[in-house]
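Enquirer: Here's a structure for you.
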Amino acid sequence: MSNNKLTVIDRQGSTHDLEWEPDQTLMEALRDNDLPVLASCGGTASCATCHVFVEKEVFDTLGERSEDELELLVEAEGYRECGSRLSCQLGFSRHLDGATVTLAPEE
Ligand code: FES
């Protein structure tokens, strides 16, 4: 079974390499690797504490954000029109293999 590799930059600017199992959302992969993602709503797109920034080239390949996701994100700390995603709404994707994801500021 192949694992998706990902580089994560935390809120202190430190870099972490992690593996992402195909049956996880990105939020679950971050949490399972002890990154400080609160995910207080449990992945139902209603808290924005799983907010991450995705590089623009990758962001453009991920498809549209849902209305719910976008509504939460525009109110979130540090929102980026091209880059902000809720990690709980991102499933395993070959486009994210090898990508760098940055944790957004805490709410
Ligand atoms: S975990 Fe709450 S919005 Fe993603």
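The values are calculated or read from the model by the stated rules, or taken from the named source; none is laboratory data. Worth saying up front: this structure is predicted, and the values here are computed from it rather than measured. Here the Cβ is made from the backbone with ideal geometry for all residues, glycine too, and neighbour counts use every protein chain on show. With ligands, DNA and RNA removed, areas are computed over all heavy atoms of the protein, side chains included. Shrake-Rupley method; radii C 1.70, N 1.55, O 1.52, S 1.80 Å.
Enquirer: Hey, what number do you get for the chain at 222 nm if only DSSP H runs of n ≥ 4 count, each worth -39500 (n - 2.57), divided across all residues, to the nearest 500?
Expert: Helix-only estimate at 222 nm: -4000 deg cm²/dmol.
Enquirer: Take the alpha-carbon centre of the stretch 14-42, take the same for the stretch 57-92, and report the distance between them in whole Å.
Expert: Rounded to whole Å, the Cα centres lie 16 Å apart.
Enquirer: If the elastic network links every pair of Cα atoms under 10 Å, which of S87, S66, S46 fluctuates the most in the Gaussian network model of the chain?
Expert: Largest GNM mean-square fluctuation: S66.
Enquirer: Hey, another quick one. Once amide H atoms are built 1.01 Å from N in the peptide plane, which residues 5 or more positions from E55, or in another chain, come under 5 Å H to H?
Expert: For E55, the qualifying residues are T100.
Enquirer: Another question, then. Counting pairs of Cα atoms in the chain, how many percent are more than 16 Å apart?
Expert: 52 percent
Enquirer: Which residue, E57, E21, E69, has the most motion in a Gaussian network model of the chain that connects Cα atoms within less than 10 Å?
Expert: E57
Enquirer: Sticking with this one: Determine the gain in length on full extension of the stretch H16-L62; use 0.36 nm per residue of separation and subtract their C-alpha separation, reporting nm with one decimal.
Expert: Gain on extension, H16 to L62, equals 14.4 nm.
Enquirer: Continuing with this model, one more query. Test of understanding: in a Gaussian network model of the chain with alpha carbons linked when under 10 Å, which of L26, L86, L62 would top the mean-square fluctuation ranking?
Expert: Sorting by GNM fluctuation, first place goes to L62.
Enquirer: Suppose all protein chains stay in the model; what accessible area per residue would a 1.4 Å probe give for the chain, in Å²?
Expert: On a per-residue basis, 55 Å².
Enquirer: Taking the Cα centre of the chain as origin, sum charge times position over the Cβ atoms of Lys and Arg (+1) and Asp and Glu (-1), and report the length of that vector in debye to the nearest 20.
Expert: My answer is approximately 200 debye.
Enquirer: A further question follows. Give me the percent of accessible area attributable to carbon and sulfur for the stretch 3-64, probe 1.4 angstrom.
Expert: Summing carbon and sulfur atoms, their accessible area is 44 percent of the total for the stretch 3-64.
Enquirer: Shifting gears a bit: What shape does the stretch 1-54 have by the C-alpha gyration tensor, where a ≥ b ≥ c are the square roots of the eigenvalues, rounded means a/c under 1.5, and otherwise prolate means a/b greater than b/c and oblate the rest?
Expert: oblate
Enquirer: For T15, what accessible surface area do you get with a 1.4 Å probe? Give it in Å², rounded to 10.
Expert: Answer for T15: close to 90 Å² accessible.
Enquirer: Let me ask something additional. Between L38 and E81, what is the FRET efficiency for a Förster distance of 22 Å, r being their Cβ-Cβ separation, to the nearest 0.05?
Expert: Computed FRET efficiency for L38 and E81 comes out at 0.40.
Enquirer: Express in nm, to one decimal, how much length is gained between E55 and H95 on full extension, taking 0.36 nm for each residue of separation and deducting their alpha carbon distance.
Expert: 13.3 nm
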